[in-house]
Amino acid sequence: MAGSKTSVTTPAAIRGTQDIFGAEAEAFAFVVETFERVRKLYRFRRIEMPVFERTEVFSRSIGETTDVVSKEMYSFLDRGDESLTLRPEFTAGIARGFLTNGWQQYAPLKVATHGPLFRYERPQKGRYRQFHQLDAEIIGAGEPQADVELLAMADHLLNELGIADGVTLHLNTLGDGASRDAWRDALVAYFRDHAGSLSEDSQDRLERNPLRILDSKDPRDQAFVADAPKIDDYLSAEAQAFFGTVCEGLAAAGVDYTRAPSLVRGLDYYRHTAFEFVTDRLGAQGTVLGGGRYDGLIETLGGAHTPAVGWAAGIERLAMLVGERGDPAADVIIVVEDEGRLADATKAIGVLRQAGFSADLVATGSPRKRFDKASKMGAKALVSFAEGAPRVRGERASEIEALLA
């Protein structure tokens, strides 16, 4: 039909992604800015890692049989028929970088980063398919003090964000290799006796990853977890001493914790300390920061035995705890009440910004209404360009006048 217009439908955002704006974006930025400030206090070096890696980096380090690798990774063949994967976590890529870039020369290496990660999982409160994390790692340090420093840093971050109240550090030990193997064997024997009553997932995990049964949320599994063998009964003297030193260090650093004997890490390369900072303010998925010691990871990627410990925290979940933050008020608003003074105002706003003032310009709409509009914007100071010299009102007025003189 002549003159008709074709209707164009705007594509919807992909499920599990988000557009962050306004108060939510300010909360997100506050989390990142606070993390950057705290990591500098602890002398962690900033690194940037690729958003995608060869698939084997994750399949070898995270494990072929884990849900992350088997169900959640975004993997694809590139034009060279090489399998690549969008990173589902930071640690494996950082471990790869440690080996391929010769960072061993800096060991013990303290590094930190943040950015987007990708997992194909069911979106829920605070969890997305493209999500963002903070990450801190110490690679090449086998002493308990490294664990203490990372935990103190995490505790410091939560306090600086103003969200420490109601967040509890849950702490456990997985022991050394011999301790963990003995505990694993005991768990297999125990859960075999109840295999018919376990959930389908736990029956599948029984032989290949029995530690994961301990953190199952399924009521059918919970009925047996309380009486399952405890790691403390299988700890070697060395493992007991290591965990004792971590606990003593936390006490000296003023970091409170709760012992959580069922807290585990399912992958075999995890050793000794495991921890989570948990809250009940985000529903059932209450972990806001978690990590542990992974002394065997570097070896899975072809490197020499290298002790390491680290943690990660979801930026979205931290931002939810922080709460919405309004756009910060400008230091100065410049109002152009005389159209002939626009060039003067443009020069002035440049001078103020160069001097470190956050500033904005009101130069559109009716000149008679601009001052009222600017007054409602909540700035700390107003500068009006009408006839004569600019008029300054508000905080630091004399300093602003001197800059504009």
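Just so it is clear, none of the values below were taken in a lab; they were calculated from the coordinates. Because the structure is predicted, anything quoted here is derived from the model rather than measured. Cβ sites come from the backbone with ideal geometry, for glycine too, and all protein chains shown count toward neighbours.
For the chain, find the longest principal axis of its Cα atoms and tell me its angle to the long axis of helix 237-253, 0 to 90°, nearest 10.
Roughly 20 degrees, rounded to the nearest 10.
Just report the Cα centroid separation between segment 72-132 and segment 310-371, whole Å.
Centre-to-centre distance over Cα atoms comes out at 36 Å.
In whole Hz, what ³J(HN,Hα) sequence does segment 149-165 give by Karplus (6.51, -1.76, 1.60; θ = phi - 60°), x for Gly and Pro?
Karplus values, whole Hz, x for Gly and Pro: 4, 5, 5, 5, 4, 4, 4, 4, 4, 4, 5, 5, 6, x, 10, 5, 5.
What is the projected area of the convex hull of the Cα atoms of segment 226-282, averaged over all directions, in nm²?
5.5
Tell me the Rg and the Dmax, in Å, that the Cα atoms of segment 76-117 produce.
13.1, 38
Which whole-Hz couplings ³J(HN,Hα) result when phi for each residue of segment 354-359 is put into the Karplus expression 6.51 cos²θ - 1.76 cosθ + 1.60, θ = phi - 60°, listed in order with x for Gly and Pro?
5, 7, x, 8, 7, 8
Work out which GluC sites (Glu not before Pro) in the chain are exposed loop sites (DSSP not H, G, I, E or B, at most 12 other Cβ within 10 Å) and give the longest gap free of them.
Looking at the chain, 83-323 is the longest stretch - no exposed GluC sites (Glu not before Pro) with at most 12 other Cβ atoms within 10 Å.
Would you calculate, for the chain, the mean residue ellipticity at 222 nm contributed by helices, counting each DSSP H stretch of 4 or more residues as -39,500 (n - 2.57) and dividing by all residues, to the nearest 500?
-11000 deg cm²/dmol
Would you pull out the residues with amide H under 5 Å of Y128's amide H, same chain only if 5 or more places away, H placed 1.01 Å from N?
none
Taking all pairs of distinct Cα atoms, average 1/r, flip it, and tell me the Kirkwood hydrodynamic radius of segment 106-181 in Å to one decimal place. Numbers along the way, then the final one.
Working: mean 1/r = 0.0651 Å⁻¹.
For segment 106-181, the Kirkwood estimate is 15.4 Å.
Report, ordered by chain and residue number, the lysines lying within cross-link reach of K40, taken as a straight Cα distance under 26 Å and ignoring same-chain residues fewer than 8 apart.
Excluding near neighbours in sequence, the set is K110.
Hey, which aspartates and glutamates would be in cross-link range of K71, C-alpha to C-alpha under 13 Å, not counting anything within fewer than 8 residues on its own chain?
Straight-distance partners of K71: E121.
So how long is each side of segment 332-404 along the principal axes, counting just the alpha-carbon atoms, biggest first, in Å?
Largest first, segment 332-404 extends 29, 24, 18 Å along its Cα principal axes.
With the convex hull built on the Cα atoms of segment 234-358, state its orientation-averaged projected area in nm².
15.0
To test your reading of the geometry: what angle, between 0 and 90 degrees and rounded to tens, separates the Cα axis of helix 22-41 from the longest principal axis of the chain?
60
Over all pairs of distinct alpha carbons, what does the Kirkwood formula give as the hydrodynamic radius of segment 275-331, in Å?
14.2
Straight-line reach only, C-alpha to C-alpha below 24 angstrom: list the lysines that K230 could link to, leaving out same-chain residues fewer than 8 apart.
Candidates past the 8-residue exclusion: K217.
Please return the longest stretch of the chain lacking exposed loop sites, where trypsin sites (Lys or Arg not before Pro) count only if DSSP places them in a loop and at most 10 other Cβ atoms lie within 10 Å.
Details: sites that count: K5, R15, R43, R79, K217, K376.
Value returned for the longest uninterrupted segment is 218-375.
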